[in-house]
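One structure below.
The values are calculated or read from the model by the stated rules, or taken from the named source; none is laboratory data. Since the structure is predicted, the reported quantities are computational estimates derived from the model, not experimental observations. Neighbour counts are summed over all protein chains in view; Cβ atoms, including those assigned to glycine, are modelled from backbone coordinates with ideal geometry. Accessible surface areas use protein heavy atoms only, side chains included; no ligands, DNA or RNA. Shrake-Rupley method; radii C 1.70, N 1.55, O 1.52, S 1.80 Å.
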Amino acid sequence: MINHDKLEVNIIVGELSLRRLHRTRSKAVCSIALHAREMGYKGVILPMANADEAAVVEGVDIIPVENLKVIINFLNDIFGIPPHKLI
């Protein structure tokens with residue numbers, strides 16, 4: 001079961017395999033983050049490999065993850081993931 005409240009305020013992006021979430025094309029990630037912000041979403045859950053690219057968009061939390069299990073645990077508030085920030 002997944003906490004639908006958190007699912008409704010976040011967009012999930014990435015290509016899912018059996019073991020991990022694969023990197024998404026760079027330009028697509030920035031466009032999705034911009035669109036998420038414009039649509040009023042709180043965050044974008046995406047592969048760790050895309051976190052820096054998406055973090056250039058302000059006003060939306062960028063949540064980097066490794067695999068589906070981490071996404072489910074995050075959505076169910078089993079543990080939190082701090083939003084990714086550019087260094």
Q) Among all residue pairs at least 6 apart or on different chains, which show Cβ distances below 7 Å where the first residue, located in the stretch 16-44, is closer than 22 Å to F74 by Cα and the second is assigned to a loop (DSSP other than H, G, I, E, B) and acidic (D, E)? A) R20/E66; L21/E66
Q) In the stretch 29-52, how many residues are over 12 Å from the mean Cα position of the chain (by Cα) and surrounded by 14 or more Cβ atoms within 10 Å (Cβ to Cβ)? A) 3
Q) If you go through the stretch 53-67, how many residues are open to solvent by 40 Å² or more (accessible area, probe 1.4 Å) and either free of Cβ contacts under 8 Å to residues at least 12 places away in the same chain or out of contact with any strand residue (DSSP E or B) (no Cβ under 8 Å at 6 or more places or on another chain) (or both)? A) 3
Q. So is V70 closer than 22 Å to H4 by Cβ and either open to solvent by less than 50 Å² (accessible area, probe 1.4 Å) or in contact with an Asp or Glu (Cβ under 6 Å, 6 or more places away or on another chain) (or both) or not?
A. yes
Q: Filter the stretch 73-85 down to residues that are open to solvent by 90 Å² or more (accessible area, probe 1.4 Å) and touching a residue at least 24 places away in the same chain (Cβ under 8 Å) and give me whichever is nearest to G14 (Cα to Cα).
A: K85
Q.
Could you go through the stretch 20-41 and let me know if any residue there is in contact with a His (Cβ under 9 Å, 6 or more places away or on another chain) and among the aliphatic types (A, V, I, L, M).
A. no
